[in-house]
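Single-structure report; data block below.
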Amino acid sequence: MTEDGSATVSPREGDAPRSDLQAEIAGRILAMLAEQRPEPGSRLPEQRVAKELSVSRSPVRTAMRFLEAQGFLRSEKGRGFLVARLPAPGEATQDFPESRLSVIHDRMLRDRALGHIGHEVTEAELADRYGVSRALLARVLARLTGEGLIERLRGHGWGFVEMLENDRAYEDSYEFRIVVECGALRARHFAVDRAKLETMRQQHEEILAAPESVTSEHWFQTNTAFHEMIAEFSGNRYFQQAIRHQNNLRRMREYAEFTGMASERIVQSCREHLAIIEALGSGDLAWAEALLRRHLTQAADYTSLDE
C-alpha cells in the first residue's frame, strides 16, 4: 500500500489518478503552473513539487504522469518532467475527477462563511458532519492550516481565523484597504517589477478570454495576487503584511459568495485591473492610484448592493 491508502501499482501513461490524494496533487500541480507561469520547456522536478506540496514523491510521480497524458507535461530521458503547456482558466478541474479533499475543503469554508459551523470545532464534529475518515480530515485541516485559515486550539479543538462576518466588517475592510493599497503606491521605495507585471497582465487576459470557466479558487488567487503584487512593489513589508491579512479575512466569505458572482462582474474587475497594470507599466503612479481607488470603491459598493 502507498502512503495515501491506494494499492501499490505501476501506473501506466494516461491512467487517471488512482486515489483521492493523487487527484488532489494533479489539481494542485495545475494550480501551481497557472500561478507561477513557468516557461514551456522548463524542468519541473518531482522533488521540488513534492517539497512544495508537502507530500512524498510517489503520488507526485503518478499525478505528473497523468498530466503528461493530458498534454500539460512531457518527460525526457535524463531530464525528468518538463512543462509542455500552461492550463487555461478553469482547465485545472474539468478533465479529471475533483479530489474529495478539495470538495470537503471548499464545503467547510462555505459552511463557516454561512455560519453553519461555529468558530471553534472538534475533529469528531467535523468528521461526523462531512462523513469523512480521520485520515482525510487530517489532510483537509493541514491544508487549511497552511492557508492560515484555521489553527489548533489547546486540547482537541480547532479554531477558524477571524473573518468578515457582517456588512459593517466588510465595509470597514474596504475602507482600510483603500487607505493601505493606495498608500502603497506612494511608498518611498515603490518600484515596478516589469516581469511580474507582464505575467499578471497575461493571467488577466486569459481570464477575459473565458470568464465563464473561471473557478472560485482560480479567481480568488488571481485577484489576491494582483493586490498583493502592488503591496510587494512598495518595498515595505508592513504594506505586504496588511494586505495579505485582509485577503485571508476575505477568503471564506468570497468562497461562499462566488457562485452568485456574474461573469460580467469578473470581466469588469479584470478590465479595471488591466487599466491599473497599464498605468503602472507607463510609470503614471498618480493615475494608477486614482484607478485603484475607484476600483476598490466600486467593489465595496457592488458588495453592499449585492447583499
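The values are calculated or read from the model by the stated rules, or taken from the named source; none is laboratory data. Not measured: the values here are computed from a predicted model. Virtual Cβ from ideal backbone geometry, glycine too; neighbours counted across all protein chains shown.
Cβ-Cβ below 6 Å, separation at least six or inter-chain, first residue in the range 164-182 and closer than 21 Å to Leu149 by Cα and among the aliphatic types (A, V, I, L, M), second in a helix (DSSP H, G or I) and modelled with pLDDT under 85: which pairs?
Qualifying pairs under 6 Å: Leu164/Tyr170; Leu164/Leu249; Leu164/Arg253.
For the range 163-177, name all the residues that are surrounded by 12 or more Cβ atoms within 10 Å (Cβ to Cβ) and outside any helix (DSSP H, G or I).
Met163, Leu164, Glu165
Looking only at residues that are among the polar types (S, T, N, Q) and modelled with pLDDT of 85 or more in the range 21-57, which one is farthest from Leu86 (Cα to Cα)?
Taking the candidates together, the pick is Gln47.
Looking only at the range 43-82, how many residues end up being of a type in the set (A, V, I, L, M) and over 15 Å from Arg28 (Cβ atoms)?
Final tally of qualifying residues: 2.
Name the residues in the range 121-167 that are within 21 Å of the chain's Cα centre (by Cα) and within 13 Å of Ile104 (Cα to Cα), would you?
Listed by number, the residues that qualify are Leu136, Leu137, Ala138, Arg139, Val140, Leu141, Ala142, Arg143, Leu144.
Would you check which residues across the range 101-144 are of a type outside the set (Val, Ile, Thr) and part of a loop (DSSP other than H, G, I, E, B) and list them? Let's see the steps before the verdict.
Residues of the range 101-144 that are of a type outside the set (Val, Ile, Thr), as a first pass: 101-102, 105-116, 118-120, 123-131, 133-139, 141-144.
Listed by number, the residues that qualify are Leu114, Gly115, His116, Gly118, His119, Gly131, Ser133.
Could you list all residues from the range 63-80 that are free of Cβ contacts under 8 Å to residues at least 24 places away in the same chain and either acidic (Asp, Glu) or within 18 Å of Ala23 (Cα to Cα) (or both)?
We begin by selecting, within the range 63-80, every residue free of Cβ contacts under 8 Å to residues at least 24 places away in the same chain; these are 71, 74-78.
Hits for the range 63-80 are Gly71, Glu76.
Consider Leu141 carefully, then state whether it is surrounded by 13 or more Cβ atoms within 10 Å (Cβ to Cβ) and either under 23 Å from His245 (Cα atoms) or outside the structural domain of Met252 (by TED's automatic domain parsing) (or both).
yes
Given (1) assigned by TED's automatic domain parsing to the domain that holds Gln246; (2) touching a Leu at 6+ places or on another chain (Cβ under 9 Å), where does Val179 come up short, assuming only one miss?
Val179 satisfies every listed condition except (2).
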